[in-house]
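Student: Sending over a structure as structure tokens; questions will come in a sec.
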Amino acid sequence: MKEVVEQIRTKAKELLSEGKVDCVLGYKKGTVPMQEQPFCAYTPEEADQLTWSVFCTNNLANFLIKNTGKTAVLAQGCVSRNIVGLIKENQIKRENVYILGIHSPGMVDAKKVQDKFPDKVIQEAYLEGEELVVKGKDFTEHIPHRDVKRNNCYTCTHRNAVIYDEFVGEQGKESGGGNIDKVAYPWSKLDPEQRWEKFQETFKDCIRCYACRNVCPLCYCDVCFVDESNPQWCGKGQEETDIYTFHILRAFHCAGRCTDCGACESACPVGIKMRHLTSMLEADIREKYDYSPGLDLESVSPLSNYSQNDPEIE
């Protein structure tokens, strides 16, 4: 991992020194353990702050929307797929983004790590081979990396960037090893009443903070439907109907566009597993239309296109 970090910094300094880009968008060390944060380096000196680790969970495509400058961006599989989608939706101009492709090692869920040490303060954590080394005052523990990965990383189908101008480090295995269609399995096999019960149970703790919306690169509307006042589509309070309306409509807005990057779940302060809903919709898109979003610049999302031969969805 250290070698990859050095390559990122070297390439960033080169691009900035030669004036090829205005800034390099990546990650820097967070102010708390296991929380790297998005960072934009504008000078070669600032490039020394760039890093790469299993705690880089923000989707950087979100920071490129409607950007007019020339930006270099570090992009693993899901981020690059969102960049492709945003280019196709005219939110990013291809000539304004220089993509530094990278392979995702499988990002870590900080909440899962903390749950293993409920009475301890974690001061440092880093990947060493196939293990995560966790350190704090008077303790050092090694836990298997596979046990604490984010749920979406188990079923990732494209860990390498799908589009890039240069690739940093070496390409690795594409798959996370899991079956992405089985994520939706528990809900898809239930009858409608049971499915509604599962939905209510999943979203009952929502506090309407909109963290899921704010980190999602698909939610780029200038005014979200929940913020419309004339007409008002959805109430702003904690009524169950309003909470459910927000999540259902947001999920359908993302259908056929979601890359399952997991940013929404990572940002949620109450741990809502909203991928149970979004992954089910994406499974329907794959089954009915044989389509996965963000893999190329030429294909058209099935929900953005009409054909007389479109399948009927009951």
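Student: Would you call I243 buried (at least 20 other Cβ atoms within 10 Å of the Cβ), more than 23 Å from A61 (Cα to Cα) and either out of contact with any strand residue (DSSP E or B) (no Cβ under 9 Å at 6 or more places or on another chain) or at pLDDT 90 or above (or both)?
Tutor: Yes: the conditions hold for I243.
Student: In the range 255-279, which residues are assigned to a helix (DSSP H, G or I), among the hydrophobic types (A, V, I, L, M, F, W, C) and either surrounded by 20 or more Cβ atoms within 10 Å (Cβ to Cβ) or on the phi > 0 side of the Ramachandran plot (or both)?
Tutor: Hits for the range 255-279 are A263, C264, L277.
Student: Output the residues belonging to the range 199-228 that are more than 27 Å from N90 (Cβ to Cβ) and not acidic (D, E).
Tutor: Across the range 199-228, the qualifying residues are F199, Q200, T202, F203, K204, C206, I207, R208, C209.
Student: Identify, by number, the condition in (1) of a type outside the set (F, W, Y); (2) exposed (fewer than 14 other Cβ atoms within 10 Å of the Cβ); (3) at pLDDT 90 or above that N305 doesn't meet.
Tutor: (3)
Student: Please work out if Y126 is outside any loop (DSSP other than H, G, I, E, B), under 25 Å from L15 (Cα atoms), over 15 Å from the mean Cα position of the chain (by Cα) and in contact (Cβ under 8 Å) with a residue 12 or more places away in the chain.
Tutor: No: the conditions fail for Y126.
Student: Another question, then. Looking for something under 17 Å from N82 (Cβ atoms) and among the polar types (S, T, N, Q) - is there at least one such residue anywhere in the range 221-241?
Tutor: Looking through the range 221-241, none of the residues is under 17 Å from N82 (Cβ atoms) and among the polar types (S, T, N, Q).
Student: Criterion first (buried (at least 23 other Cβ atoms within 10 Å of the Cβ), on the phi < 0 side of the Ramachandran plot and at pLDDT below 95) does T31 satisfy it?
Tutor: Taking the combined requirement at face value, the residue does not satisfy it.
Student: Here is a further query. Being assigned by TED's automatic domain parsing to the domain that holds N82 and modelled with pLDDT under 90 is true for just one of G235, G294, G256. Which residue is that?
Tutor: G235
Student: Continuing with the same structure: Pick out the one residue from C221, C254, C212 that is hydrophobic (A, V, I, L, M, F, W, C) and farther than 19 Å from F199 by Cβ.
Tutor: After ruling out the rest, the residue left standing is C221.
Student: Using the structure shown, decide if Q194 is out of contact with any helix residue (DSSP H, G or I) (no Cβ under 6 Å at 6 or more places or on another chain) and outside the structural domain of L74 (by TED's automatic domain parsing).
Tutor: no
The values are calculated or read from the model by the stated rules, or taken from the named source; none is laboratory data. Keep in mind it's a predicted model, so treat the numbers as computed, not measured. Every residue, glycine as well, gets a Cβ built from its backbone with ideal geometry; the counts of neighbours run over all protein chains shown.
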